[in-house]
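The values are calculated or read from the model by the stated rules, or taken from the named source; none is laboratory data. Just so it is clear, the structure is predicted and the values come from calculations on it, not from any experiment. Here Cβ is always computed from backbone atoms with ideal geometry, including for glycine, and neighbour counts include all displayed protein chains.
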Amino acid sequence: MTLKVCIAGATGWVGRELVTAVREADDMHLVGAVSRTAAGRDLGEALGGHPNGVTVSATTEEALKTDTDVLIDYTKPDVVKENIMAGIWSGTSVVVGTSGLTGADYAEIDAVASDEGVGVIASGNFSLTASLLQHFAMIAAQYLPSWEVIDYAGPTKPDAPSGTARELAERLSEQGEPQGRPEIGYPIDQIKGSREARGGTLGGTQVHSVRLPGYALSVENIFGLPGERLTLRHDAGTSAGIYIDGTLLATRRVPEVRGLIRGLDTLLF
């Protein structure tokens, strides 16, 4: 079976890498692309190459008028939820690599997708090594009672925390005792001085975002016990290519899914 694929954010950092990967895959056919900045143009020309016969649409709704099996979204936090819902309502499976959605957003997406019998696979990070970090973190949280998360990125990243860090913190809430909330030595709401210095709280986990020049995308999950600590860290580097294999894996699997699966590690393990 050849999957008919549409890429939202096709001219973006990850999207342009995906265009090449999907077109080279034997079991996929690129039938649509979404980019507000390149709308109406041939996608190949918009990417600086030869025409490839795919016309760029301004909106996901427009693109999905063409028969599509899977919508892949690598857009921006302010439009990703709308795109996902457009895919679900059209009966199109969705793979989500865009960050910025909350746990409440995903709960709503899961409910609608389940009702419509459509599959959605979302991951804050589709790289293999980041998925291994999440897998190892879920194991560690079953045995270690205290943890915090730090994420790093350049100064222009619009969302904080990153999608990787948010997903990690919210999924850690599913582990540990009680109810996945780590032990806090001193109550956050009783902090003296600047409470914000202890970071934001997601699912009971303290999350700290560093945004400075010189940083690539990275995330640390630190676990502590008296006299010792464990640090799990993922560094993404500067290439979008690390996200491609995981995204294609999810694209191949999502037609079999009903409702939401969150995290590439869930597919791998």
Can you run down the residue pairs with Cβ atoms below 8 Å, 6 or more apart or on separate chains, where the first is in the stretch 2-25 and among the charged types (D, E, K, R) and the partner is assigned to a helix (DSSP H, G or I) and crowded, with 23+ Cβ neighbours inside 10 Å?
Glu17/Tyr243
Exclusive hit being among the basic types (Lys, Arg), part of a loop (DSSP other than H, G, I, E, B) and within 22 Å of the chain's Cα centre (by Cα), set Lys157, Lys192
Lys157
Run Leu217 past the list (1) without any contact (Cβ under 8 Å) to a residue 40 or more places away in the chain; (2) touching a strand residue (DSSP E or B) at 6+ places or on another chain (Cβ under 7 Å) and report the number of the one that doesn't hold.
(1)
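Does Asp265 fit the bill of being crowded, with 18+ Cβ neighbours inside 10 Å, closer than 30 Å to Val112 by Cα and among the acidic types (Asp, Glu)?
Numbers: crowded, with 18+ Cβ neighbours inside 10 Å: yes; closer than 30 Å to Val112 by Cα: yes; among the acidic types (Asp, Glu): yes.
It is true that Asp265 is crowded, with 18+ Cβ neighbours inside 10 Å, closer than 30 Å to Val112 by Cα and among the acidic types (Asp, Glu).
Can you tell which of Ile72, Ile88, Ile84, Ile139 is in a strand (DSSP E or B) and within 21 Å of the chain's Cα centre (by Cα)?
Working: Ile88 fails: in a strand (DSSP E or B); Ile84 fails: in a strand (DSSP E or B); Ile139 fails: in a strand (DSSP E or B).
Selected residue: Ile72, the only one of Ile72, Ile88, Ile84, Ile139 that is in a strand (DSSP E or B) and within 21 Å of the chain's Cα centre (by Cα).
With a cut-off of at least 3 residues that are at pLDDT 95 or above and under 25 Å from Tyr143 (Cβ atoms), name the strands (runs of 3 or more DSSP E) lying wholly within the stretch 203-269.
Details: elements: 205-211, 218-225, 228-235, 259-262.
Here the list reads 205-211, 218-225, 228-235.
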Tell me, yes or no, whether the stretch 33-54 has at least one residue that is among the β-branched types (Val, Ile, Thr), assigned by TED's automatic domain parsing to the domain that holds Ala113, touching a residue at least 60 places away in the same chain (Cβ under 8 Å) and assigned to a loop (DSSP other than H, G, I, E, B).
no
Just give me the residues in the stretch 55-69 being surrounded by 15 or more Cβ atoms within 10 Å (Cβ to Cβ) and in a loop (DSSP other than H, G, I, E, B), in sequence order.
Thr59, Leu64, Thr68, Asp69
Pairs under 9 Å by beta carbon, first residue outside the structural domain of Arg262 (by TED's automatic domain parsing) and in contact (Cβ under 8 Å) with a residue 24 or more places away in the chain in the stretch 107-118, partner in a helix (DSSP H, G or I) and among the basic types (Lys, Arg), six or more apart or different chains?
none
Out of curiosity, is Ser218 within 25 Å of the chain's Cα centre (by Cα), under 16 Å from Tyr106 (Cα atoms) and surrounded by 19 or more Cβ atoms within 10 Å (Cβ to Cβ)?
no
Please verify whether Ile188 is in the same structural domain as Ser218 (by TED's automatic domain parsing) and either surrounded by 19 or more Cβ atoms within 10 Å (Cβ to Cβ) or touching a helix residue (DSSP H, G or I) at 6+ places or on another chain (Cβ under 8 Å) (or both), treating the condition exactly as stated.
yes
Quick test of your reading of the structure: Lys65 fulfils all but one of (1) out of contact with any strand residue (DSSP E or B) (no Cβ under 8 Å at 6 or more places or on another chain); (2) farther than 18 Å from Leu30 by Cβ; (3) free of Cβ contacts under 8 Å to residues at least 40 places away in the same chain. Name the failing condition by number.
(2)
Consider Glu174 carefully, then state whether it is surrounded by 17 or more Cβ atoms within 10 Å (Cβ to Cβ), closer than 20 Å to Leu268 by Cβ and touching a residue at least 24 places away in the same chain (Cβ under 8 Å).
no
Apart from one, (1) touching a residue at least 60 places away in the same chain (Cβ under 8 Å); (2) exposed (fewer than 12 other Cβ atoms within 10 Å of the Cβ); (3) outside the structural domain of Ile72 (by TED's automatic domain parsing) all hold for Gly224; the odd one out is (2)
Report yes if some residue within the stretch 30-43 is within 27 Å of Pro255 (Cβ to Cβ), surrounded by fewer than 23 Cβ atoms within 10 Å (Cβ to Cβ) and small (Gly, Ala, Ser); otherwise report no.
no
